[in-house]
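Written out below as structure tokens is the structure these notes cover.
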Amino acid sequence: TTAIELSLEIYDLSGRLVIALPTEPSISGSFKHTWNGRDAVGNLVPPGTYLYRLLLDAEENEEKVGVFAMVY
């Protein structure tokens, strides 16, 4: 297996991009990407519901979208 590029983007419920995390090479299997709860300029995001978009640069580009809650 070869490494593929994995991108993770976080959006608020209005569809505004909060942050695009740095692309990381990943090997197939389970993926772990962490986020410190800060937006692109370094501010903590307010608690609430957010959307994520996970992109895998494989033979056929794969995209997964989901919802999560941010709490402090």
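The values are calculated or read from the model by the stated rules, or taken from the named source; none is laboratory data. A quick note: this is a predicted structure, and the numbers were derived from the prediction, not measured. Here the Cβ is made from the backbone with ideal geometry for all residues, glycine too, and neighbour counts use every protein chain on show. SASA here: full protein model, heavy atoms, side chains in, ligands and nucleic acids out. Shrake-Rupley method; radii C 1.70, N 1.55, O 1.52, S 1.80 Å.
Given that just one value was derived from the coordinates, which of (i) 91; (ii) 164; (iii) 78 is volume of the Cα convex hull per residue in Å³?
(i)
Any chance you could look up the accessible area of Ile27 with a 1.4 Å probe, heavy atoms only, rounded to 10 Å²?
About 100 Å², ignoring ligands and nucleic acids.
About the Cα centre of the chain, how large is the charge dipole given +1 on each Lys and Arg Cβ and -1 on each Asp and Glu Cβ? Please answer in debye to the nearest 20.
Around 400 debye, computed over the chain.
Taking Cα pairs under 8 Å and at least six residues apart, what relative contact order does the chain come out at, in percent?
Rounded, it is 33 percent for the chain.
Going 7 Å from the Cα of Asp57 along its beta-carbon direction, which residues of the stretch 6-25 have the amide nitrogen within less than 20 Å of the resulting point?
6-10, 19-25, by backbone N distance to the label point.
What is the set of long-range amide H partners of Val18 at a cut-off below 5 Å, with H atoms built 1.01 Å from backbone N?
It is Ile10, Tyr11, Asp12, by chain and number.
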